[in-house]
Amino acid sequence: MAIRVTSVLKKRLGDLLVDLGIISREQLQQALEVQRQTGGKLGRILIQLGFVTEEVLLYFLGKQAGVSYVSLADYGKIPEEIVRIVPESIARYQTIIPIAKNEKILTIAMSDPFNIFAIDDLRLTTGYDIKVVIAPEKEIKNAIELYYGTKETIEQAIKEIEKGTGEGAIEVVKTAEEKKEVISLEAAAEEVPVVKIVNLLLTGAVKAKASDIHIEPYEKSLRVRYRLDGVLHEQPSPPKKLQDAITSRIKIMSNLDIAERRLPQDGRIKIKTLGREVDLRVSVLPTAFGEKIVIRLLDSSALCLDLTKLGFEPEALSIYKKNISLPHGIILITGPTGSGKSTTLYSTLSTLNYPDRNIMTIEDPVEYVLEGINQIQARPEIGLTFAAGLRSFLRQDPNIIMVGEIRDTETAEIAINAALTGHLVFSTLHTNDAPGAITRLNNMGIEPFLTASTVSLVVAQRLVRIICKECKETYAVPFDFLANLGVKPEQVNYAKEIYLSRGKGCDNCSNTGYRRRLGIYELIEINDEVRELILERASTHLLKQAARKTGMMNLREAALRKVLNGITTIEEMMRVTITDTE
């Protein structure tokens, strides 16, 4: 007999959420007012207002319908024989994905567990009884594209070139006349096989959840690498003879000058692939053997906007939430490029994004577009610098301001002035740890009394790779080994042997043993003792000692806690953190 979803909501959705304490009565009234003005489903409005996350709402709906909630991101790879049971046309039309089966029952993931007609159709089509689990719609659509999408590879495209088109069709004609060279390059770049290879490079990177694509020319080869979870991995590369055509194709897509090969160029592309839009930032740099291209992928669908899922330890998250709720002050996020600072800032702004607040940002570039937030792209070439934009913000009646980076004294001074006049300011600095941000402001020439009176919190962060759940295994190590890394006996209940985790490597993680990343955080809250040290222009070492007295967990300790909890490995901890030398 088919498994049907027959439960119905006996009360209105909003009232049920209030009764369960998920939202307040005031939040419900605010959401209903927005619904009256704009229309739309109440659940979607509650998510947009930040009153409830999609995961919580779906979990609640699943409870009401009597079905389980799952995250496909954590579910692992779905076997191909299961995917083939449901025709692609049905999967796309009904937005469902099969995830498991036994002899008689097929388990499908869907975002609307009350769609009984889809369940009945699927039972008749497949011959299986249907078990429903609930999952985010975006995850289901991504899975549909992943499992039903094209399986073509770069190697197949290269074979097609060698078989069908021949070398002459994609050779770049070099002439002395620049105009003719441009026409030849454009013609080569528009050859179908070259277009196909570039598309496969981009689609492959999106599928692999890469953050960057590196296309690097050498004397006799062309190398392609994807940055996956912060580490570069080599990919199958096109032949050297396609180098100029591929470069030209990418330049045309990003509206760059394909005739200019002597100077660096920067551009942007917006593509739609795997059912979602992805922004690409393109950087072209002349090298000895051609132009190196680095493409940064900005996938808004992969952006985590839930502070509780970024990796904050519970005590650190409590401190962070307290400080971002202050009416004014400066909160600084520090760390090197690629350490997740932007994600932390966007998640914070999303948390604070209520209709009664005016939030303004100036960024270079605007990486992700957030609904309800005024985001400005800095353009130094026309005078729109961080400092100029920030100065204009103060005439726009903002409550919260975000400056992409404090790079100079002028920007720092205007940010401090904004905090002094009652604004909450977020920004980033490039320092190795949290106390170092105070020293950096001193070196910029900011007076200590201004820093002490405006900065309320400094956060340093890094990203560690998470052990793949599909190939995770445990192994034992003696306590003495961990003691050398700073583990105390009470942290492991005085055990002589401790079990840690690692990934063996599988298809799900591209044989790396890791899948996705998580933040580790070091927070220094500016209390009275730290404030006195700032006024005395104390060294970073003394600031760190004062913060440690109040319980500050440094980056190494935060990473070590994730090692002991089986989230990451000792090797990953050693890669991204250094021993505290205090």
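The values are calculated or read from the model by the stated rules, or taken from the named source; none is laboratory data. Quick caveat, the model's predicted, so the values are computed rather than measured. Neighbour counts run over all protein chains shown; Cβ positions are idealised from the backbone, glycine included. Quick note on the areas: whole protein, heavy atoms, side chains included, nothing else; ligands and nucleic acids left out. Shrake-Rupley method; radii C 1.70, N 1.55, O 1.52, S 1.80 Å.
Being on the phi > 0 side of the Ramachandran plot and in contact with an Asp or Glu (Cβ under 9 Å, 6 or more places away or on another chain) is the filter here; which residues of the stretch 532-582 pass it? Across the stretch 532-582, the qualifying residue is only G551. When E88 is tested against (1) open to solvent by less than 40 Å² (accessible area, probe 1.4 Å); (2) modelled with pLDDT under 85, exactly one condition is not met: (1).
What are the residues in the stretch 361-413 that are assigned to a helix (DSSP H, G or I) and open to solvent by less than 20 Å² (accessible area, probe 1.4 Å), if any? Answer for the stretch 361-413, where residues must be assigned to a helix (DSSP H, G or I) and open to solvent by less than 20 Å² (accessible area, probe 1.4 Å): F386, A387, G389, L390, F393, T411, A412.
For the stretch 540-582, a residue qualifies if it is under 28 Å from the mean Cα position of the chain (by Cα), more than 18 Å from Y475 (Cα to Cα) and polar (S, T, N, Q), and the qualifying residues are N554, T577, T579.
The set of residues from the stretch 284-296 being under 22 Å from G338 (Cβ atoms) and buried (at least 16 other Cβ atoms within 10 Å of the Cβ) comprises V284, K292, I293, V294, I295, R296. A single member of G311, G230 is in contact (Cβ under 8 Å) with a residue 24 or more places away in the chain, within 30 Å of P398 (Cβ to Cβ) and not hydroxyl-bearing (S, T, Y), and it is G311. So, I520, is that one over 19 Å from T431 (Cβ atoms) and in a strand (DSSP E or B) or not? For I520, the condition - over 19 Å from T431 (Cβ atoms) and in a strand (DSSP E or B) - is not met. Only a single item in (1) of a type in the set (D, E); (2) over 25 Å from F51 (Cβ atoms); (3) open to solvent by 60 Å² or more (accessible area, probe 1.4 Å) is not met by D356, and it is number (2). If I filter the stretch 490-510 for residues that are in a loop (DSSP other than H, G, I, E, B), modelled with pLDDT under 90 and crowded, with 16+ Cβ neighbours inside 10 Å, do I get at least one hit? Within the stretch 490-510, one or more residues are in a loop (DSSP other than H, G, I, E, B), modelled with pLDDT under 90 and crowded, with 16+ Cβ neighbours inside 10 Å. Screening the candidates S254, S301, S237 for the property of being in contact with a Gly (Cβ under 6 Å, 6 or more places away or on another chain) and either modelled with pLDDT under 90 or among the basic types (K, R) (or both) yields one hit, S254. From the list K77, K104, the one residue that fits, being exposed (fewer than 14 other Cβ atoms within 10 Å of the Cβ), touching a strand residue (DSSP E or B) at 6+ places or on another chain (Cβ under 6 Å) and in contact (Cβ under 8 Å) with a residue 12 or more places away in the chain, is K104. Of all residues assigned to the stretch 513-532, none qualifies as being among the hydroxyl-bearing types (S, T, Y), over 29 Å from the mean Cα position of the chain (by Cα) and either farther than 17 Å from V487 by Cβ or open to solvent by 60 Å² or more (accessible area, probe 1.4 Å) (or both). Looking at F60, F51, just one residue is open to solvent by less than 40 Å² (accessible area, probe 1.4 Å) and either in a loop (DSSP other than H, G, I, E, B) or touching a Ser or Thr at 6+ places or on another chain (Cβ under 6 Å) (or both), and that residue is F51.
Residue count for the stretch 213-236 satisfying the condition of being buried (at least 19 other Cβ atoms within 10 Å of the Cβ) and closer than 19 Å to I466 by Cβ: 5. When each of L370, L394 is tested for being touching a Phe, Trp or Tyr at 6+ places or on another chain (Cβ under 7 Å) and modelled with pLDDT under 90, the lone residue that passes is L370. Listed conditions (1) modelled with pLDDT of 80 or more; (2) buried (at least 18 other Cβ atoms within 10 Å of the Cβ); (3) not aromatic (F, W, Y) are all met by A188, apart from (1).
Report yes if E381 is more than 28 Å from L310 (Cβ to Cβ) and at pLDDT below 90, otherwise no.
Yes: the conditions hold for E381.
Here I22 does not fit the description of being touching an Asp or Glu at 6+ places or on another chain (Cβ under 8 Å), on the phi < 0 side of the Ramachandran plot and among the β-branched types (V, I, T). Scanning the stretch 134-152 for residues that are small (G, A, S) and modelled with pLDDT of 80 or more returns A135, A143. Scanning the stretch 417-446 for residues that are open to solvent by less than 50 Å² (accessible area, probe 1.4 Å) and under 15 Å from L326 (Cα atoms) yields A418, A419, G422, H423, L424, V425, F426.
Taken over the stretch 261-281, the criterion of being surrounded by 14 or more Cβ atoms within 10 Å (Cβ to Cβ) and not in a strand (DSSP E or B) is satisfied by R261, L274, G275. Criterion applied to S325, S350 was being touching a Gly at 6+ places or on another chain (Cβ under 9 Å) and among the polar types (S, T, N, Q), and the one residue passing it is S350.
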